[in-house]
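Working notes, beginning with the structure itself.
The values are calculated or read from the model by the stated rules, or taken from the named source; none is laboratory data. This is a predicted model, so every value here is computed, not measured. Glycine also receives a Cβ, built like all others from the backbone with ideal geometry; neighbour counts cover every protein chain displayed.
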């Protein structure tokens with residue numbers, strides 16, 4: 001089989017150009033005589049790779065100097081713990097907005113470490129929307145407010161121009177599934193983190209962007225790997241970092257720059273998602289599952305309303321080289337994840353297949 | 001430059017055959033139509049990869065059914081915390097044998113979590129030997145005794161046939177730098193862990209092998225990623241695992257099987273190390289730095305006794321395609337790391353270069 005169109009929610013499709021470069025230099029990167037997988041993390045060759053990756057990311061997101069960038073291991077799951085351990089530093093209170101499964105997991109984990117409440121939730125309608133909040137929704141002495149900016153499973157996202165008004169509280173964002181997909185002001189947040197395996201690279205690296213003043217407040221007996229300051233002070237080199245994943249992330253950053261940066265990527269993502277949502281809205285068979293104004297640009301969820309027909313659609317799509325279209329079990333139906341690297345041809349092929357399927361299954 | 005002989009202490013050289021296979025299928029693995037980096041960890045394609053990796057590892061090490069195998073993130077550094085957090089379960093005492101830098105770091109980290117003492121140390125002679133212990137060296141109610149089986153920086157290793165007599169106490173081993181390089185009885189240990197980036201694969205995955213009865217005793221407020229039982233119960237799939245690193249580790253396991261398994265690898269490692277140590281011992285210029293009976297099979301440390309001459313050796317070796325031969329700053333001199341994947345040609349080229357250098361610099 002040739003390469004398929006892979007609509008997986010993550011790990012997910014990567015830019016072909018990135019994969020081809022990684023393949024070409026897999027045995028001998030940049031004339032070093034070795035694979036990036038074989039490079040000492042203390043070598044100049046690898047230092048150049050991680051420095052370039054950080055510089056490109058700073059450039060793409062316009063990250064101010066008073067924010068540290070870290071390349072860590074452990075995925076979002078470790079961040080669910082690291083955020084409260086490091087950031088519950090004064091009142092030891094934090095307010096979470098629960099917009100789906102990942103926010104819920106983060107919220108539950110944080111309760112181990114302080115006085116943590118759900119300031120808002122969209123659970124009442126199976127997370128089909130982004131709840132509205134006001135400044136009064138949050139405790140005035142909360143150490144931080146936590147949101148998940150894109151909800152992979154339910155298919156909603158936060159409009160970065162309508163973030164919750166937290167006043168001078170610290171806003172923390174899990175951007176795992178829309179990192180570098182939409183323009184955001186880093187300064188709106190105290191801390192941003194993202195697992196790489198959606199828009200950036202292979203699983204195994206998590207990027208953390210944190211304002212300096214938030215670091216250095218972890219309790220004394222914190223497991224050393226869980227203290228942000230350890231990593232920030234050593235440029236992600238306190239211990240051996242996940243070198244290969246960082247290298248691929250770096251190649252992806254360069255690819256995004258070549259596409260015109262995050263503004264251009266966002267414009268493209270909006271157009272691509274619109275084509276797919278229009279196809280859903282114009283169909284008599286398919287229905288979207290979330291409130292239109294909160295629809296994710298990354299994860300388009302839809303159903304036919306008939307579980308057997310959903311199954312048939314997913315199976316026939318797969319046979320046509322359109323794979324990983326099954327929705328998460330908590331939503332059912334279909335989910336097409338169209339991260340940055342999804343080519344237009346993939347979305348167009350999916351739309352054409354949907355129309356053909358609808359005609360054939362009237 | 002063509003591929004070099006890479007004597008890095010880790011990340012380090014990988015079998016060329018493994019790299020070539022990874023390169024060949026980088027865009028399309030096993031007819032899946034996608035890279036392993038793009039595979040959903042919930043897909044059958046990836047499940048097959050991790051299952052095969054675990055089965056091959058169990059086969060290679062003869063791991064009994066009552067031991068769980070986990071593929072985790074966070075490196076040895078996270079294990080320094082996870083071991084005491086999970087294993088300090090009764091007396092909350094642990095006894096460490098400090099044979100070098102990594103053992104010392106593990107020992108210091110464990111002190112955060114219980115009553116942890118150094119039962120023995122070889123610090124008095126800059127870690128140039130493995131200290132002798134008796135059953136009486138350990139507290140009778142210690143929850144575990146901890147050793148580092150190979151000391152990357154100092155170039156010593158533990159003879160697996162002369163492990164410390166811990167009676168019925170639980171022995172824990174950091175095998176990061178001699179994992180799958182020497183035959184060991186898994187049942188001599190309660191828990192074994194190893195960062196991949198020496199003998200197994202790229203940085204980013206840590207393998208943990210733990211006896212079942214040791215799991216499930218982490219305190220209630222343990223950060224969820226740090227609880228072994230969470231990972232063991234979910235077959236390393238509680239969260240997204242470092243898929244690519246696991247895939248390369250799996251290819252390396254298959255390569256070791258093709259070499260005849262760990263017994264054959266160990267035999268080869270002994271022969272290879274002997275050739276290099278003989279060259280050191282037969283030279284008038286080079287001297288080994290550790291007690292001969294405790295010499296590592298993986299990391300051969302040696303010096304000329306003249307720091308400038310050491311530097312010249314390292315620089316000229318590099319110019320001859322023999323790279324990463326500088327010793328760690330705490331030992332100085334040279335260190336040739338000759339992990340499983342180092343070909344005979346690499347060691348032979350190093351020996352020939354040492355002889356040439358000695359002749360030229362009499």
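Being over 14 Å from the mean Cα position of the chain (by Cα), assigned to a strand (DSSP E or B) and within 14 Å of chain B (Cβ to nearest Cβ): is that true of residue A:145 here? Give the derivation first.
Numbers: over 14 Å from the mean Cα position of the chain (by Cα): yes; assigned to a strand (DSSP E or B): yes; within 14 Å of chain B (Cβ to nearest Cβ): no.
The answer is no for residue A:145.
Does region B:35-51 include one or more residues that are facing chain A (nearest Cβ under 10 Å) and either part of a strand (DSSP E or B) or touching a strand residue (DSSP E or B) at 6+ places or on another chain (Cβ under 7 Å) (or both)?
Yes, region B:35-51 has at least one match.
Give the number of residues within region A:229-285 that are assigned by TED's automatic domain parsing to the domain that holds residue A:70, more than 21 Å from the chain's Cα centre (by Cα) and in a loop (DSSP other than H, G, I, E, B).
6
Considering only region B:304-319, how many residues are in a loop (DSSP other than H, G, I, E, B) and surrounded by fewer than 16 Cβ atoms within 10 Å (Cβ to Cβ)?
Going through region B:304-319, the residues in a loop (DSSP other than H, G, I, E, B) turn out to be B:304-306.
Within this subset, residues satisfying the condition of being surrounded by fewer than 16 Cβ atoms within 10 Å (Cβ to Cβ) are B:305-306.
So the count comes out to 2.
Considering only region B:180-195, I want to know if a residue exists there that is in a loop (DSSP other than H, G, I, E, B) and within 14 Å of another protein chain (Cβ to nearest Cβ). Talk me through it step by step, then tell me what you get.
Kept after step one, since they are in a loop (DSSP other than H, G, I, E, B), are these residues of region B:180-195: B:180-185, B:189-190.
Now restrict to residues that are within 14 Å of another protein chain (Cβ to nearest Cβ): none.
The answer is no; no qualifying residue exists.
Here is a list: A:90, A:86. Which entry is closer than 25 Å to residue A:197 by Cα, away from every other protein chain (no Cβ under 11 Å), more than 19 Å from the chain's Cα centre (by Cα) and at pLDDT 95 or above? Break it down into steps so the answer makes sense when it comes.
Details: A:90 fails: closer than 25 Å to residue A:197 by Cα.
Residue meeting the stated conditions: A:86.
If you scan region A:7-26, which residues turn out to be within 9 Å of chain B (Cβ to nearest Cβ) and surrounded by fewer than 16 Cβ atoms within 10 Å (Cβ to Cβ)?
A:16, A:20, A:24
Does residue A:326 satisfy the criteria of being without any contact (Cβ under 8 Å) to a residue 24 or more places away in the chain and surrounded by fewer than 24 Cβ atoms within 10 Å (Cβ to Cβ)? Before the answer, list the steps.
Details: without any contact (Cβ under 8 Å) to a residue 24 or more places away in the chain: yes; surrounded by fewer than 24 Cβ atoms within 10 Å (Cβ to Cβ): yes.
Spelling it out, residue A:326 is indeed without any contact (Cβ under 8 Å) to a residue 24 or more places away in the chain and surrounded by fewer than 24 Cβ atoms within 10 Å (Cβ to Cβ).
Among the numbered criteria (1) touching a residue at least 12 places away in the same chain (Cβ under 8 Å); (2) touching a strand residue (DSSP E or B) at 6+ places or on another chain (Cβ under 9 Å); (3) at negative phi; (4) within 14 Å of another protein chain (Cβ to nearest Cβ), which one does residue B:29 miss?
That leaves (2) as the condition not met.
In region B:104-136, which residues are surrounded by 22 or more Cβ atoms within 10 Å (Cβ to Cβ), within 19 Å of residue A:224 (Cβ to Cβ) and in contact with a strand residue (DSSP E or B) (Cβ under 6 Å, 6 or more places away or on another chain)?
Those that are surrounded by 22 or more Cβ atoms within 10 Å (Cβ to Cβ), within 19 Å of residue A:224 (Cβ to Cβ) and in contact with a strand residue (DSSP E or B) (Cβ under 6 Å, 6 or more places away or on another chain): B:107, B:110, B:116.
Which members of region A:52-77 meet the condition of being farther than 18 Å from residue A:237 by Cα, in contact (Cβ under 8 Å) with a residue 60 or more places away in the chain and within 11 Å of another protein chain (Cβ to nearest Cβ)?
Once the filter is applied, which keeps residues that are farther than 18 Å from residue A:237 by Cα, in contact (Cβ under 8 Å) with a residue 60 or more places away in the chain and within 11 Å of another protein chain (Cβ to nearest Cβ), region A:52-77 yields only A:76.
Do you know which residues across region B:199-228 are in contact (Cβ under 8 Å) with a residue 24 or more places away in the chain, in a helix (DSSP H, G or I) and either on the phi > 0 side of the Ramachandran plot or touching a helix residue (DSSP H, G or I) at 6+ places or on another chain (Cβ under 9 Å) (or both)?
Step one: filter region B:199-228 for residues in contact (Cβ under 8 Å) with a residue 24 or more places away in the chain, giving B:199-215, B:217-219, B:222, B:225-228.
This time we only want the ones that are in a helix (DSSP H, G or I), so: B:212-214, B:225-226, B:228.
Answer for region B:199-228, where residues must be in contact (Cβ under 8 Å) with a residue 24 or more places away in the chain, in a helix (DSSP H, G or I) and either on the phi > 0 side of the Ramachandran plot or touching a helix residue (DSSP H, G or I) at 6+ places or on another chain (Cβ under 9 Å) (or both): B:212, B:214, B:225, B:226, B:228.
Scan region B:291-310 and tell me whether some residue there is within 14 Å of chain A (Cβ to nearest Cβ) and farther than 20 Å from residue B:181 by Cβ. Write out each step before concluding.
Step one: of region B:291-310, the residues within 14 Å of chain A (Cβ to nearest Cβ) are B:299.
Imposing the further condition that a residue be farther than 20 Å from residue B:181 by Cβ reduces the set to none.
Scanning region B:291-310 turns up no residue that is within 14 Å of chain A (Cβ to nearest Cβ) and farther than 20 Å from residue B:181 by Cβ.
What residue, among those in region A:232-244 that are facing chain B (nearest Cβ under 10 Å) and out of contact with any strand residue (DSSP E or B) (no Cβ under 8 Å at 6 or more places or on another chain), is surrounded by the fewest Cβ atoms within 10 Å (Cβ to Cβ)?
Step one: filter region A:232-244 for residues facing chain B (nearest Cβ under 10 Å), giving A:238-244.
Filter once more, keeping what is out of contact with any strand residue (DSSP E or B) (no Cβ under 8 Å at 6 or more places or on another chain): A:238-239, A:243-244.
Details: A:238: 19, A:239: 21, A:243: 27, A:244: 30.
Of everything passing the filter in region A:232-244, A:238 is surrounded by the fewest Cβ atoms within 10 Å (Cβ to Cβ).
Test residue A:97 against the stated conditions and say whether it is more than 12 Å from chain B (Cβ to nearest Cβ), crowded, with 22+ Cβ neighbours inside 10 Å and touching a residue at least 60 places away in the same chain (Cβ under 8 Å). Let's see the steps before the verdict.
Working: more than 12 Å from chain B (Cβ to nearest Cβ): yes; crowded, with 22+ Cβ neighbours inside 10 Å: yes; touching a residue at least 60 places away in the same chain (Cβ under 8 Å): yes.
For residue A:97, the condition - more than 12 Å from chain B (Cβ to nearest Cβ), crowded, with 22+ Cβ neighbours inside 10 Å and touching a residue at least 60 places away in the same chain (Cβ under 8 Å) - is met.
Is at least one residue of region B:42-63 in contact with a helix residue (DSSP H, G or I) (Cβ under 9 Å, 6 or more places away or on another chain) and at pLDDT below 95?
No, there is no match, as no residue in region B:42-63 is in contact with a helix residue (DSSP H, G or I) (Cβ under 9 Å, 6 or more places away or on another chain) and at pLDDT below 95.
Which residue out of B:113, B:127 is within 11 Å of chain A (Cβ to nearest Cβ) and either part of a loop (DSSP other than H, G, I, E, B) or touching a residue at least 12 places away in the same chain (Cβ under 8 Å) (or both)? Break it down into steps so the answer makes sense when it comes.
Values: B:127 fails: within 11 Å of chain A (Cβ to nearest Cβ).
On inspection, the qualifying residue turns out to be B:113.
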